[in-house]
């Protein structure tokens, strides 16, 4: 997979998954393939983090791309949340509760968890298949990049959180 260092350049996925190939294993494999912890594209620096780019790349690979740019500019996390709540509905995205998000990710549905920050850029991550009982797991680019961490590790005390599923 071509992953350019420049965050504004789109990736070129080797495989794009579609709805017929969705499963917990496939979702995990796609998230693993992006190597969020090591790929330069996602590394924080100069006060910038790249959760929006990571979510864009993951959803492109999963066949349900959430845009990185819309209109005249780049969508930060808050802008991505606004897109998911408006135009996202026309592209198969819907807002759901936490338990539905967990269940859908376990089925292999692309699932995003988001925090809309009223005082900054917010945060986005991909929900990993996480059976109950136990914590919800995510993959994220952020101040610290994690291919696998708990929701509380990625978002700390931020809230409220919103969940979006592509179905």
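The values are calculated or read from the model by the stated rules, or taken from the named source; none is laboratory data. All figures in this text were calculated on a predicted structure; none of them were measured in a lab. Glycine also receives a Cβ, built like all others from the backbone with ideal geometry; neighbour counts cover every protein chain displayed.
Some notes on this structure:
- Within the option set 118, 129, 135, being more than 19 Å from residue 38 (Cα to Cα), surrounded by fewer than 20 Cβ atoms within 10 Å (Cβ to Cβ) and touching a strand residue (DSSP E or B) at 6+ places or on another chain (Cβ under 9 Å) holds for one residue only, 135.
- Residues (modelled with pLDDT of 90 or more and either assigned to a helix (DSSP H, G or I) or within 15 Å of the chain's Cα centre (by Cα) (or both)) located in region 1-35: 24, 25, 26, 27, 28, 29, 30, 31, 32, 33, 34, 35
- In region 145-167, the residues that are free of Cβ contacts under 8 Å to residues at least 60 places away in the same chain form Cβ pairs under 6 Å with partners that are surrounded by fewer than 18 Cβ atoms within 10 Å (Cβ to Cβ), at six or more places apart or across chains, as follows: 150/135.
- Candidate set from region 36-55 (those that are without any contact (Cβ under 8 Å) to a residue 40 or more places away in the chain and assigned to a helix (DSSP H, G or I)); member that is nearest to residue 83 (Cα to Cα): 41
Residue-wise test of (1) free of Cβ contacts under 8 Å to residues at least 12 places away in the same chain; (2) under 24 Å from residue 133 (Cβ atoms); (3) in contact with a helix residue (DSSP H, G or I) (Cβ under 7 Å, 6 or more places away or on another chain).
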| position | (1), (2), (3) |
| --- | --- |
| 77 | no, no, yes |
| 90 | yes, no, no |
| 95 | no, no, yes |
| 102 | no, yes, no |
| 113 | no, yes, yes |
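- The one condition from (1) assigned to a loop (DSSP other than H, G, I, E, B); (2) over 13 Å from the mean Cα position of the chain (by Cα) that residue 82 does not meet is (1).
- Which listed residue, of 20, 33, is free of Cβ contacts under 8 Å to residues at least 12 places away in the same chain and either buried (at least 18 other Cβ atoms within 10 Å of the Cβ) or under 27 Å from residue 131 (Cβ atoms) (or both): 20
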